[in-house]
Amino acid sequence: MSGCSRGGSRGVRIGRWAVAALAVLAVARPVWAADVETRDFAVLVAGKSAGEVHMTIHRQDDGTIYMRCDTDIKVNMLIGKYKYIYRGREEWKNHRLVRLDSSTDDNGKRYIVSAVAEPAGVRVKVNNVERMIKPEVWLTSYWCLPDAKLRNQTLPLLDADNGKLLEGRLTFAGTEKLRVAGQEVALNHYRLVGKVTVDLWYDGTERLVRQEWLEQGHRTILELMRVRR
């Protein structure tokens, strides 16, 4: 698992049809300046509820976008229990990463990651070890599609929770109708293949709605339950 692609032990429930309707409207709604929303996701591992992911996205008037991610996961497996806690904050402008700050507890393994854009690239520090990477890097939070010119080719990926540099090829798989908060919505399906293999679905604002991947042989799903404004 990587970055925001994990969630907490509490199940997300949609208590009323009105909430579901508002969620679908929010998915289709265009993004305006100074727009703020929180996307609440449920995490399923092998068909069972495993946690929550909450992404709060704040777009400022100058085009700067901040995304805060809070992820909590607890899984009881035959081989033992697994816990994952992630707290991250991203800053983007013109489809480029400006800054990342994250802290992660990956079942006892702890990481502190920071990344800051500089003229020569992005300076990444992981538990006080530094290196430079390419400026067009995409993060494994996957919350928003990368610049269109970086799609359909191999692009650099920075693992948001442990700072590892990966790569993958992102391709468009087609437009599909999926159920979101109880209603069918047309979504754009992308597939990322390389050192990681992930299926991703985005709405008309190019924001994440659904994610599927295999984690230690278990089918893992991140699905949008509601949008709060």
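The values are calculated or read from the model by the stated rules, or taken from the named source; none is laboratory data. What you see is a predicted model; the values in this text were computed from it and never measured. Here the Cβ positions follow ideal geometry from the backbone for every residue, glycine too, while neighbour counts run over all protein chains shown.
What to note about this one:
- Filtered by the rule that a residue be more than 11 Å from residue 169 (Cβ to Cβ) and among the hydroxyl-bearing types (Ser, Thr, Tyr), region 186-202 gives a lone residue, 202.
- Checked against (1) at pLDDT below 95; (2) surrounded by 22 or more Cβ atoms within 10 Å (Cβ to Cβ), residue 195 passes all but condition (2).
- Selection count where residues are out of contact with any Ser or Thr (no Cβ under 6 Å at 6 or more places or on another chain) and more than 20 Å from residue 69 (Cα to Cα), scope region 187-214: 11
- Qualifying residue in region 170-183 (condition: modelled with pLDDT under 95, crowded, with 16+ Cβ neighbours inside 10 Å and either of a type in the set (Lys, Arg) or closer than 24 Å to residue 70 by Cβ (or both)): yes
- Among residues of region 171-214, those that are of a type in the set (A, V, I, L, M, F, W, C), in contact (Cβ under 8 Å) with a residue 60 or more places away in the chain and either more than 25 Å from residue 59 (Cβ to Cβ) or out of contact with any strand residue (DSSP E or B) (no Cβ under 7 Å at 6 or more places or on another chain) (or both), counted: 2
- Within the set 181, 160, 148, the sole residue that is small (Gly, Ala, Ser) and touching an Asp or Glu at 6+ places or on another chain (Cβ under 9 Å) turns out to be 160.
- Close pairs from region 215-226: first on the phi < 0 side of the Ramachandran plot and polar (S, T, N, Q), partner in a strand (DSSP E or B) and surrounded by fewer than 20 Cβ atoms within 10 Å (Cβ to Cβ), Cβ under 6 Å, at least 6 apart: 220/213
- Checking each residue in region 129-170 for being of a type in the set (Asp, Glu) and in contact (Cβ under 8 Å) with a residue 40 or more places away in the chain picks out 136, 147, 159, 161.
- Residue check for residue 1: at pLDDT below 75, within 30 Å of residue 110 (Cα to Cα) and of a type in the set (A, V, I, L, M): yes
- Members of region 199-211 that are part of a strand (DSSP E or B) and of a type outside the set (Val, Ile, Thr): 199, 200, 201, 202, 207, 208, 210, 211
- Boolean, residue 124 is more than 15 Å from the chain's Cα centre (by Cα) and of a type outside the set (Asp, Glu): yes
- Qualifying residue in region 107-114 (condition: more than 16 Å from the chain's Cα centre (by Cα), modelled with pLDDT of 95 or more and among the small types (Gly, Ala, Ser)): yes
- Strands (runs of 3 or more DSSP E) (entirely within region 33-81) containing at least 1 residues that are surrounded by 15 or more Cβ atoms within 10 Å (Cβ to Cβ) and of a type in the set (Phe, Trp, Tyr): 36-45, 65-77
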